[in-house]
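Following: one structure in C-alpha cells, then a few remarks.
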Amino acid sequence: MKIRGRWLIVVSLVVLAGLLLAWILNRTAPAQHFTAKLERGAIHDVVEATGTINAVITVQVGSQVSGTISKLNVDFNSRVHKGDVVALIDPALFKGALLQAAADLENGKANLVAAKANLEKAKAALVQTKADYDRAVALTKNGVQSQQQLDLAKANYDSANAAVNGAAANVTQAEAQVNQKDAAVAVAQTNLDYTVIRSPIDGPVVARNVDVGQTVAASLQAPTIFTIAQDLRKMWVYAKTDESDVGNIKVGKPVSFKVDAFPKDTFHGVVSQVRMNATTVQSVVTYDTIIEFANPDEKLFPGMTAYVTIPVATVENVLKVPNTALRYKPPMVSEEILAIYKQYGIENGERVQGGEVAVVPNPGAATTTAPRVPKADTAVVWKLHPDNTMEPVKVSLGITDHAFTEVTVVLKGELKEGDDLIIRSVMAKGQTLGGIRR
C-alpha cells in the first residue's frame, strides 16, 4: 500500500509540472497571424448597378371617344403593323350623331338658298323704287307732282335699299351657318372614325387593359387600351447609377449584365446616354444610365431586372494587395502604433484621401485602358517576416475591384511579389503580439 501511495504522489507531481510548463509556454507564445500573399496581376475597376429592361419606344394606345368595346382583334403578345385595326368601339351613337349633323347641314343649305332668293327679291324691289324715285324727281321739277309725293318716293327707295342690305346680311349669316354645320358633320365623322382603333407602330402587344363589353370613358384623358412596343430586337436598360460613379461612366463604354431569367447567360451592350435628370430617394441621388443592347432572339422582355457591370478602368501586371490587409490593425493601443510609425518614418499611418499624390506605375505594368485617376490614397500594410516579426509598410494605392487594390508605389519600406501581409491576428489571453522588426 505504501508503494502504491508513493506512485500516486509521483504521477500527481508529473501532471502538475506538465500543466505548469504548458501554462508558461502559452503565456509567452506569440500571437497567431493569418496572412495573404502580395500578388501581381490585373485589376478591373467597375461600376455595378441595378436597372430595368425597357423597349426603345413604347406606345400606349388609347381611345379618343367614350363608348363600349365591341371587338378586340389582338391580345397579349400579338404582333401588329402600323394601321392595323386592334379594337372597335360600338359606333351606334356616333352614327346617329353623324346623321343628325348631316341633316342640320342640309337644313342650313336650304336656308342659304332661301336667303339668296330673298336677296334677289329685295334687289328687284330696289330697282323698281329707284325708277319711281327718279320719275318723282323729274315730275316735281316740272311742277307736275307735289313735294309730298317726292318725299314718299324717296322713303320707298331708302326702304328698298335697306331691305337689300338686310337680305345680303341674311345670306352671309346663312353661309356661316352652313359652314358651322359642315364643321359639325366633320366632327361627327371624326368621332365615328375614332371608334376604329388602329395601331400607330409595328411591334408586339405588351399589355391589354380592357375586355369586350367594357366601357371606356375619355373625359379628361384617353384611357389606355393596349401597350405596344415598337421592336423588342433592340432594347434599353435603365440603370440607376450613384452620383459618385456617373463621372466615370462614358458614352460608348461596353457593358455586361445578367438577368434572373437566364442566370448562366451574360448579355452585352453599350452606354448610349447618361441622363442629367436626378432621382433622389432618402437623400440618395442616382442618375439613369441608358444602355443599348441587341435582343435578336427576343429572349429578354420589358420589365426584367438587369444586374449591370460597367467597366471604368483596367490595369494589367500590377502589384495588388488584398483589401483585408488594408483594413488590418495590430491589436495594440494607438500610442504604441503611432510610436512604431514614427520609428519607421511614417508620418500618417491612417488611410487618407484628399489632395494630390503622383501616381507612379509599377515597372512593366501595362495599362489596357486609361484608369480612373484616384484621389490621394495611402495606407499602411503589415508585412510578416519568416522569423514572425512584423514591419509596417506605407503604400500609395490605385484602383480597386473591392477585393484587391493596386499598389502604385511603396512610400516607406519594401514590398515585393510573394510577401506575406497580415490580414488577422489571433491572441489568447496572456499571449504577446510578437516582435516588431527593428
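Some values worked out for this structure:
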| read-out | value |
| --- | --- |
| Selection count, segment 38-59, where residues are under 13 Å from residue 289 (Cα atoms) and β-branched (Val, Ile, Thr) | 4 |
| Total residues in segment 289-310, condition without any contact (Cβ under 8 Å) to a residue 60 or more places away in the chain and surrounded by 16 or more Cβ atoms within 10 Å (Cβ to Cβ) | 2 |
| Qualifying residue in segment 45-55 (condition: touching a helix residue (DSSP H, G or I) at 6+ places or on another chain (Cβ under 9 Å) and either hydroxyl-bearing (Ser, Thr, Tyr) or surrounded by 13 or more Cβ atoms within 10 Å (Cβ to Cβ) (or both)) | yes |
| Index of the failed condition, residue 232 passing every other in (1) under 30 Å from residue 194 (Cβ atoms); (2) open to solvent by 70 Å² or more (accessible area, probe 1.4 Å); (3) in contact (Cβ under 8 Å) with a residue 60 or more places away in the chain | (2) |
| Selected residue (criterion: least open to solvent (accessible area, probe 1.4 Å)) from residues of segment 311-329 that are in a helix (DSSP H, G or I) and not aliphatic (A, V, I, L, M) | 323 |
| Test: residue in segment 182-197 that is outside any helix (DSSP H, G or I), loosely packed, with under 15 Cβ neighbours inside 10 Å and not small (Gly, Ala, Ser) | yes |
| Enumeration of residues in segment 116-130 that are under 15 Å from residue 158 (Cα atoms), in contact (Cβ under 8 Å) with a residue 24 or more places away in the chain and open to solvent by 60 Å² or more (accessible area, probe 1.4 Å) | 123, 128, 130 |
| Failed criterion for residue 203 (all others in (1) over 12 Å from residue 89 (Cβ atoms); (2) open to solvent by less than 30 Å² (accessible area, probe 1.4 Å); (3) out of contact with any strand residue (DSSP E or B) (no Cβ under 6 Å at 6 or more places or on another chain) hold) | (3) |
| Residue in segment 244-259 that is closer than 23 Å to residue 203 by Cβ and open to solvent by 50 Å² or more (accessible area, probe 1.4 Å) present | no |
| Test: residue in segment 243-255 that is of a type outside the set (Asp, Glu) and within 14 Å of residue 54 (Cβ to Cβ) | no |
| Residues satisfying the stated conditions in segment 31-41, i.e. within 25 Å of residue 309 (Cβ to Cβ) and open to solvent by 30 Å² or more (accessible area, probe 1.4 Å) | 39, 40 |
| Pairs with Cβ under 6 Å, 6+ apart, first in segment 151-175 and open to solvent by 60 Å² or more (accessible area, probe 1.4 Å) and among the aliphatic types (A, V, I, L, M), second assigned to a helix (DSSP H, G or I) and at pLDDT 90 or above | none |
| Evaluation of residue 113 against (1) over 22 Å from residue 174 (Cα atoms); (2) at pLDDT 85 or above; (3) open to solvent by 50 Å² or more (accessible area, probe 1.4 Å) (one fails), failing number | (1) |
| Every residue from segment 331-340 that is surrounded by fewer than 18 Cβ atoms within 10 Å (Cβ to Cβ) and touching a strand residue (DSSP E or B) at 6+ places or on another chain (Cβ under 7 Å) | 331 |
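Conditions (1) at pLDDT 90 or above; (2) open to solvent by 50 Å² or more (accessible area, probe 1.4 Å); (3) polar (S, T, N, Q), marked per residue:
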| residue | (1), (2), (3) |
| --- | --- |
| 84 | yes, yes, no |
| 96 | yes, no, no |
| 135 | no, yes, no |
| 147 | no, yes, yes |
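The values are calculated or read from the model by the stated rules, or taken from the named source; none is laboratory data. Treat the numbers as computed from the prediction; the structure is a model and nothing was measured. So basically every Cβ, Gly included, is an ideal-geometry build from the backbone, and we count neighbours across all protein chains shown. For accessibility, only protein heavy atoms count, side chains too; no ligands or nucleic acids. Shrake-Rupley method; radii C 1.70, N 1.55, O 1.52, S 1.80 Å.
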